[in-house]
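The structure appears right after this line, and notes come after that.
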Ligand SMILES: Cc1ncc(COP(=O)(O)O)c(C=O)c1O
């Protein structure tokens, strides 16, 4: 099989062990003689998968007992609406660090009083705003911890005087997180924890039940807590692959171990970008993401962009084109992206530099 160095931003590279384990279950699930996509989600075999997946989340992220872990449909994009629907009564505050954050804010504005406390739109979101004030009377403060398109990241758990809500779609499980500092964490699975089709929500139970609006059944977190994420038919295969992905993460030492590797991979690539005369990074150095590394051709070298893209493609690099709103290049170094892929990209950049010196 042809092997690609997959730097796609999501869907993206997943661990081979998770793919192999899922293929086995596609053929014969838990000795049932049926594929995992053909068994009833009310069967005891499926119940065991749900329980194991939840237990892996709890163990890997050290999720306290007063939090529920939900697996829902609709992607992170539906959470942009569900969060304000369930939590916004008087006022919500948002940090606008990219288009995903902006989209989240838009949904909140549609439902009530939502304010933007700071934005980095003035510099194409290439930094994380600092020194902003979080209104103490807000029901919650919403952040996007990793800005997939621009390669910026809030790499620590911020102190927040109100309920902190975080979209962690593209950095969940990439670094240790103190879950107790958050009221709610959500994201689409399709970067670090599985394929598209399932959305994770980690929610502190006491934040619910405080809004007066009517909550449509499917958009009410309580429905899914009560139904143990099976109020309606769950996306069984996506959840199964998620379980296999988390099993792999546990087997290699968990979040703490992968964080070390992620920091190492990102440093290798950023060091090369800073050294190589043909490329420059786009994000402010202190805010650089360890998941999505964004760079462009150096000033005066812009004409080489397409040539480098072809050059890299010929050497097996896939998915390094930057998002259409920023251009240039983006290498996504998610958990399952091996160090060898980063080394291959660096070697390609060095070879290209030699050619154009
Ligand atoms: C940070 C972030 N939030 C939200 C989304 C949207 O996720 P979904 O496609 O699951 O709705 C993405 C998608 O890439 C993302 O990177």
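No value in this document is a laboratory result; all are computed from the given coordinates. Just so we're clear, the structure is a prediction, and the values are computed from it rather than from any experiment. Neighbour counts run over all protein chains shown; Cβ positions are idealised from the backbone, glycine included.
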| said: Using Stokes-Einstein with the Kirkwood hydrodynamic radius over Cα pairs, what translational diffusion coefficient do you get for segment 123-187 at 10 °C and a viscosity of 1.306 mPa s, in µm²/s rounded to a whole number? | reply: 127
| remark: Quick calc, residue 285 & residue 355: beta-carbon distance into FRET formula, R0 25 Å, rounding 0.05, result 0.35
| task | Write down, largest first, the equivalent ellipsoid semi-axes of the chain in whole Å, where each equals the square root of 5 times an eigenvalue of the alpha-carbon gyration tensor. | result | 34, 28, 16
| Distance (nanometres) between label positions extended 7 Å along Cα→Cβ at residue 298 and residue 19 | 3.6
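Using helices alone, what [θ] at 222 nm do you get for the chain, with -39,500 (n - 2.57) per DSSP H run of 4 or more residues, divided over all residues and rounded to the nearest 500? Display every interim value, and only then the final one.
On the way: 9 runs with 127 residues, N = 357.
Only helices count here, giving -11500 deg cm²/dmol.
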| Normalised by the number of residues in segment 202-329, what is the relative contact order in percent for Cα pairs under 8 Å and 6+ residues apart? | 13
| request: Pop a pseudo-label 7 angstrom from the Cα along the beta-carbon direction at both residue 233 and residue 26 and give the gap in nm to one decimal. | output: 1.9
| field | Rounded FRET efficiency, nearest 0.05, which uses the C-beta distance separating residue 207 from residue 305 and R0 of 56 Å | value | 0.75
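So how much slack lies between residue 343 and residue 59, counting 0.36 nm per residue of separation and subtracting their Cα-Cα distance, in nm?
Extending this stretch completely gives an extra 99.1 nm.
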| Likely footprinting exposure, 19, 320, fewest C-beta neighbours within 10 Å first | 19, 320
| field | Segment residue 275-residue 34, length gained on full extension (0.36 nm per residue, minus Cα span) | value | 81.3 nm
| request: Choose one answer from 160, 294, 12: the residue with the largest mean-square fluctuation in a GNM of the chain with alpha-carbon springs under 10 Å. | output: 160
| request: Could you work out the relative contact order of segment 267-354, using alpha carbon pairs under 8 angstrom and six or more residues apart, expressed as a whole percent? | output: 30
| note | Binned at 10 Å starting from 0, the alpha-carbon pair-distance distribution of segment 254-355 in whole percents comes out as 15, 52, 28, 4, 0
| note | Most fluctuating of 283, 48, 331 in the GNM of the chain (C-alpha, under 10 Å) is 48
| Quick one: Cα convex hull volume of segment 211-294, Å³ per residue? | 199
| query | What's the FRET efficiency of residue 3 with residue 123 using the Cβ-Cβ distance as r and R₀ = 35 Å, to the nearest 0.05? | reply | 0.40
| field | the chain, relative contact order [Cα under 8 Å, separation at least 6], % | value | 23
